[in-house]
Amino acid sequence: MLHYLYTYPETIVDGEGIRYSIYLAGCSHRCKGCHNPESWNPKAGKPLTQEVLEQIVQEINANPLLDGVTFSGGDPFYNPEEFLPVLKEVSQRTGMNIWCYTGFTYENLLKLGEANPKIIELLKQIDVLVDGPFILDKKSYDCVFRGSTNQRIIDPKESLKKKKVCLVEKYYPKDKKKNNKRERMYI
Ligand code: SF4
């Protein structure tokens, strides 16, 4: 059974707006400088039982301030078989937009998806994917919503449709000087 480390009922650092974050256990990337090495163990934290999931859905639906839900970890793609039904249930029962952080690159996931269609199904359910491992040498405080500059903020649905990586353009303003304050928040 999928394990989770913790949930944050309201956070502004795991994606745009006020979000409910769910940190899932299990990660195989072992990034140097990982913010959360205890999350590597898939049995860390507590089991994400149907009861817990029910509680999460209720908390999300009871909070009118929320803009979306974020899955992080660990790496939610560590266990695609068990992550898929959880993602579907949260998405369908809350109607929230979904962000997901993964240590795999989008290209890695497509490759893995050739053998495991659940990975592609997951990508179809996610609105924004923040991809790639954390690279200590590329750590930057300037890239909001990402830990290192190699990581990308991707629209996976559009990327699948167009068969190429489509970044979420609003987080990559072309001319920093001309951008308004709201856009500058994302640089
Ligand atoms: S992908 Fe994230 S959780 Fe996994 S080792 Fe890298 S930084 Fe840590």
Legend entry - Residues located in the stretch 37-54, provided they are surrounded by 15 or more Cβ atoms within 10 Å (Cβ to Cβ), within 15 Å of the ligand (Cβ to nearest atom) and over 15 Å from the mean Cα position of the chain (by Cα): W40, P42, A44, G45
Inset, instruction - Residue by residue through the stretch 111-144, note down the ones that are of a type in the set (A, V, I, L, M, F, W, C) and in contact with a helix residue (DSSP H, G or I) (Cβ under 7 Å, 6 or more places away or on another chain). - result: L112, I119, I120, L122, L123, I126, L129
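Does G132 meet the test of being on the phi > 0 side of the Ramachandran plot and of a type outside the set (K, R)?
Yes; evaluated as a whole, the condition is true for this residue.
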Legend entry - Tally of residues being touching a strand residue (DSSP E or B) at 6+ places or on another chain (Cβ under 6 Å) and either in a helix (DSSP H, G or I) or within 16 Å of the ligand (Cβ to nearest atom) (or both) across the stretch 67-89: 6
Inset, instruction - Taking the residues in the stretch 107-151 that are within 14 Å of the ligand (Cβ to nearest atom) and part of a helix (DSSP H, G or I) as candidates, determine which candidate is nearest to the chain's Cα centre (by Cα). - result: L109
Inset, instruction - Tally the residues that are farther than 19 Å from K111 by Cβ and either in a strand (DSSP E or B) or without any contact (Cβ under 8 Å) to a residue 12 or more places away in the chain (or both), restricting the search to the stretch 159-170. - result: 2
Inset, instruction - Answer yes or no as to whether L2 is surrounded by 14 or more Cβ atoms within 10 Å (Cβ to Cβ), farther than 30 Å from Y172 by Cβ and in contact with a Pro (Cβ under 9 Å, 6 or more places away or on another chain). - result: yes
Inset, instruction - Answer yes or no: is there a residue in the stretch 20-28 that is modelled with pLDDT of 95 or more, away from the ligand (no atom under 14 Å from the Cβ) and in contact with an Asp or Glu (Cβ under 9 Å, 6 or more places away or on another chain). - result: yes
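The values are calculated or read from the model by the stated rules, or taken from the named source; none is laboratory data. The structure presented is a predicted model; accordingly, all values stated were derived computationally and were not measured. Neighbour counts run over all protein chains shown; Cβ positions are idealised from the backbone, glycine included.
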